[in-house]
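Down below is the structure, laid out as structure tokens.
The values are calculated or read from the model by the stated rules, or taken from the named source; none is laboratory data. Here the structure is a predicted model, which means the values were calculated and not measured. Cβ placement follows ideal geometry from the backbone for every residue including glycine, while neighbour counts extend to all protein chains displayed.
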Amino acid sequence: MSGLRVIQAGFAPTLQDFGRPAYQNRGVPVSGALDPVSLRIGNALVGNDGGTAAIEFRMIGPVLEVIAESVRVALVGTRAGIVVEAGERVELPSYQSVTLKRGHRLSVNPVTDSGAAYLCVEGGFDLPAAFDSLSTYGRSQIGGFQGRALKDGDELPLCLNEVPERGELRLENPVYLDAGGPVRVVFGPQRDYFTDESAAAFLTNEYKISREADRMGMRLEGPALEHARGYNITSDGIVTGAIQVPGNGLPIILLADHQTTGGYPKIGTVISADIPRLGRLKPGDTLSFTEISVAEAEEARREQEKEIKRLISSLSPAAAWLDEAALYRENLISGVVHNEQTG
Amino acid sequence: MVHVRNRTIVMSEPVFLPAGDTALVVQFGEAVDAVVNRQVRHVAAKLRELSLGGIVDIVPTIRSLMVHYDPLVTRSSELQSAISEILHHQHEGEDGYRLWSIPVCYEGDCAPDLDSVARDMNLAPAEVVRGHTADPQEILMMGFLPGFPYLGLLPEDFDVPRRFEPRVKVPARSISIAVRQTTIYTVESPGGWHLIGRTPIEFFDPKREAPILVAAGDRIHFQPVSFADYEVLRKDVEAGEYVPVVEDIAPGESA
């Protein structure tokens, strides 16, 4: 067995890639990374294809032990640091690839700035795909590691037992994490099920993400929306980002694990360029909405794609952490000598 | 708004509804209607044949079609033009379909709601079973869970609302009815429909090479079996020795 041993799982981490979008016609949810932009950047840092499955987690990350010869990992989606224990304890920033050897342990500082962080591993996980994807969909026990969230003691097989030696990479400034402003929404498909006053109120009021937020969707707290034509429709298709409004008038934004069909009216849909940002939000965060057209939404997505490619092409060399630690000790010694000389 | 040149198609004109920048809805009607549903699935099949670039998935539902697309490859406006062309296509005769024979036990513990829902329907339990097994039912839509089919439309007697109190746990392979439709709970899950039987067949089995058994447009003819037969069949299924009976019905042909 070689790979990564889960010493402590943390808060129900799952393996996620870009999901399985082509099986919705058979009732299979898409699943996949809540923040696919971070997933792509993390994979680029460790030399993977953008859609290679990684460990997605929130708040408390896993503690992992390397049981392969060596692995290269990168933490993304958060500015929290990664902690390596290899005889000594070294704290390293996220958005930087790190190579660990057999017996090393890694953990993540508490993630307070994001609702979805990723540990990407060079070569990816050696696990069977379900419907062309490694994404975990726990409700039907498919994908990922045995179709479930990771648990203490799991041993995750990797495709590479040893990673090639090469320079590490980093992203200097993950500016995209700071994206702000109102979340952009296209009205429809059932905008006509709501009063005009409600649609206007939806755009002018602030909403708070409730505690009921998971990979399936986030319930919002704020002014209730008034239905004009009841709150039951004949079930139709659901797309990620759909904002459905059940009888109590409080919107629910549907995320990666949403069902493929549903019978509540949907006032609007969050545009695809803003979905990764939603994925990084967490309970208690507030958000507001602004309306744009389908054509503008498509354009925004194309612009975002350019920006992602720009970020990925801007990755720069990073110092290997072992060297860095050695360097630090040297500096300390020479620093002391220097002080003695001048003091 | 789509302009249907040929007015002989008896239905409201399909309309395009926006669903963000990665999906588009073609809505054929707002209510449950067998003719509307067939039109949805017919257009879905035609659209699939076109293999347009950028289409990620085509999801027919009871009264509308959701087309999922990649906005980096195509645009909603392009897709609308292409779909408008298909909407003009005359729907002649019946599409072909797969016809499944699925054994169902309508007795005892397999059918916890049969007596109560029969009372609601003013029918004897045996009459409910007869209504459910008389004709093959069409899969109107897949949804709720992987491999989970919604079938109909059952006779008008079956137009009963869902249970007042949904169950937290519906046993896997339960056959349920409500609102002139019938479903098969692929796995144990919460559910609000009336449970009138159970099948030994797995409609979703992640360990099987093809985990999902059926697709929208398939038809299922439910076959009543005794509890003793159900148990025998169930053992065969568990041993991997049961192959469900399925027949390909050509377009225009009837079973």
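For the range A:167-193, enumerate the residues that are away from chain B (no Cβ under 14 Å) and either of a type in the set (S, T, N, Q) or at positive phi (or both).
A:173, A:181
All told, residue A:230 meets the bar of being loosely packed, with under 15 Cβ neighbours inside 10 Å, in the same structural domain as residue A:206 (by TED's automatic domain parsing) and on the phi > 0 side of the Ramachandran plot.
Each row is one residue, and each column tells you yes or no for (1) in contact with a Phe, Trp or Tyr (Cβ under 7 Å, 6 or more places away or on another chain); (2) under 30 Å from residue A:260 (Cβ atoms).
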residue: A:166; (1), (2): no, no
residue: A:170; (1), (2): yes, no
residue: A:176; (1), (2): no, yes
residue: A:186; (1), (2): no, yes
residue: A:201; (1), (2): no, yes
residue: A:212; (1), (2): no, yes
residue: A:228; (1), (2): yes, yes
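Restricting to the range A:203-232, name every residue that is under 22 Å from residue A:276 (Cα atoms) and assigned to a strand (DSSP E or B). Within the range A:203-232, A:207, A:208, A:209, A:210, A:211, A:212, A:213, A:217, A:218, A:219, A:220, A:221 meet the criteria. What are the residue pairs meeting all of these: first residue in the range B:59-88, first residue at the interface with chain A (Cβ under 10 Å from one of its Cβ atoms), second residue of a type in the set (Lys, Arg) and outside any helix (DSSP H, G or I), Cβ atoms under 9 Å, and 6 or more apart or on different chains? If the second residue must be of a type in the set (Lys, Arg) and outside any helix (DSSP H, G or I), the pairs left are B:69/B:75.
Residue-wise test of (1) closer than 30 Å to residue A:132 by Cβ; (2) part of a loop (DSSP other than H, G, I, E, B).
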| residue | (1), (2) |
| --- | --- |
| B:18 | yes, no |
| B:26 | yes, no |
| B:36 | no, no |
| B:44 | yes, no |
| B:53 | yes, yes |
| B:57 | yes, no |
| B:81 | yes, no |
| B:86 | yes, no |
| B:98 | yes, no |
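I'm trying to understand the selection: among the residues of the range A:24-78, which are free of Cβ contacts under 8 Å to residues at least 40 places away in the same chain and under 19 Å from residue A:156 (Cα atoms)? The one that is free of Cβ contacts under 8 Å to residues at least 40 places away in the same chain and under 19 Å from residue A:156 (Cα atoms): A:51. Surrounded by fewer than 21 Cβ atoms within 10 Å (Cβ to Cβ), more than 14 Å from chain A (Cβ to nearest Cβ), touching a Gly at 6+ places or on another chain (Cβ under 7 Å) and on the phi < 0 side of the Ramachandran plot: is that true of residue B:162 in this structure? It is false that residue B:162 is surrounded by fewer than 21 Cβ atoms within 10 Å (Cβ to Cβ), more than 14 Å from chain A (Cβ to nearest Cβ), touching a Gly at 6+ places or on another chain (Cβ under 7 Å) and on the phi < 0 side of the Ramachandran plot.
Criterion applied to B:1, B:11 was being at pLDDT below 95, away from chain A (no Cβ under 11 Å) and under 30 Å from residue A:303 (Cα atoms), and the one residue passing it is B:1. Quick test for you: out of A:33, A:22, pick the one residue that is within 11 Å of chain B (Cβ to nearest Cβ) and modelled with pLDDT of 95 or more. Sole residue among the options that is within 11 Å of chain B (Cβ to nearest Cβ) and modelled with pLDDT of 95 or more: A:22.
Among residues of the range B:213-242 that are under 15 Å from residue B:103 (Cβ atoms), those with a Cβ under 7 angstrom from a residue that is acidic (Asp, Glu), sequence gap 6+ or separate chain, pair up as B:226/B:107; B:227/B:107; B:237/B:202; B:242/B:236. When the residues of the range B:14-38 are filtered to those that are more than 14 Å from the chain's Cα centre (by Cα) and among the polar types (S, T, N, Q), the one that is nearest to the other protein chains (Cβ to nearest Cβ) is B:22.
Within the range A:169-193, the set of residues being closer than 24 Å to residue A:285 by Cβ and either touching a strand residue (DSSP E or B) at 6+ places or on another chain (Cβ under 7 Å) or surrounded by 14 or more Cβ atoms within 10 Å (Cβ to Cβ) (or both) comprises A:171, A:174, A:176, A:177, A:179, A:182, A:183, A:184, A:185, A:186, A:187. Listed by first and then second residue, the pairs with beta-carbon distance under 7 Å, at least 6 apart or on different chains, first residue in the range A:134-150 and within 22 Å of residue A:49 (Cα to Cα), second surrounded by 23 or more Cβ atoms within 10 Å (Cβ to Cβ) and basic (Lys, Arg), are A:135/A:20. Elements of the type strands (runs of 3 or more DSSP E) sitting completely within the range A:1-83 and holding at least 1 residues that are among the small types (Gly, Ala, Ser): these cover A:3-8, A:54-57, A:70-76. Just one of the listed residues (A:124, A:87, A:143) is buried (at least 23 other Cβ atoms within 10 Å of the Cβ), assigned by TED's automatic domain parsing to the domain that holds residue A:21 and small (Gly, Ala, Ser), namely A:143.
In the condition set (1) among the aromatic types (Phe, Trp, Tyr); (2) under 24 Å from the mean Cα position of the chain (by Cα); (3) at pLDDT below 95, residue A:289 is compliant with all but (3).
Among the residues of the range B:123-139, is any within 14 Å of chain A (Cβ to nearest Cβ) and not in a loop (DSSP other than H, G, I, E, B)? Yes - at least one qualifying residue is present in the range B:123-139.
I'd like to check something: does the range B:99-110 contain any residue that is loosely packed, with under 13 Cβ neighbours inside 10 Å, over 13 Å from residue B:222 (Cβ atoms) and at pLDDT 95 or above? Looking for residues that are loosely packed, with under 13 Cβ neighbours inside 10 Å, over 13 Å from residue B:222 (Cβ atoms) and at pLDDT 95 or above, one finds at least one in the range B:99-110, hence yes.
Evaluating residue B:175 against the criteria (1) more than 14 Å from chain A (Cβ to nearest Cβ); (2) crowded, with 24+ Cβ neighbours inside 10 Å; (3) not in a strand (DSSP E or B) leaves one unmet condition, (3).
Listed by first and then second residue, the pairs linking a residue in the range B:125-142 that is over 12 Å from residue B:154 (Cα atoms) and without any contact (Cβ under 8 Å) to a residue 60 or more places away in the chain to a residue that is of a type in the set (Phe, Trp, Tyr) and not in a helix (DSSP H, G or I), with Cβ atoms under 6 Å apart and 6 or more places separating them unless they lie on different chains, form an empty list. Identify all residues within the range A:201-215 that are surrounded by 18 or more Cβ atoms within 10 Å (Cβ to Cβ) and modelled with pLDDT of 95 or more; write none if there are none. Matches in the range A:201-215: A:202, A:207, A:209, A:215. Pairing residues of the range A:279-301 that are more than 14 Å from chain B (Cβ to nearest Cβ) and surrounded by 18 or more Cβ atoms within 10 Å (Cβ to Cβ) with residues that are in a strand (DSSP E or B) and at pLDDT 95 or above, at Cβ distances under 6 Å and at least 6 apart in sequence or on separate chains, gives A:281/A:209; A:287/A:183; A:287/A:207.
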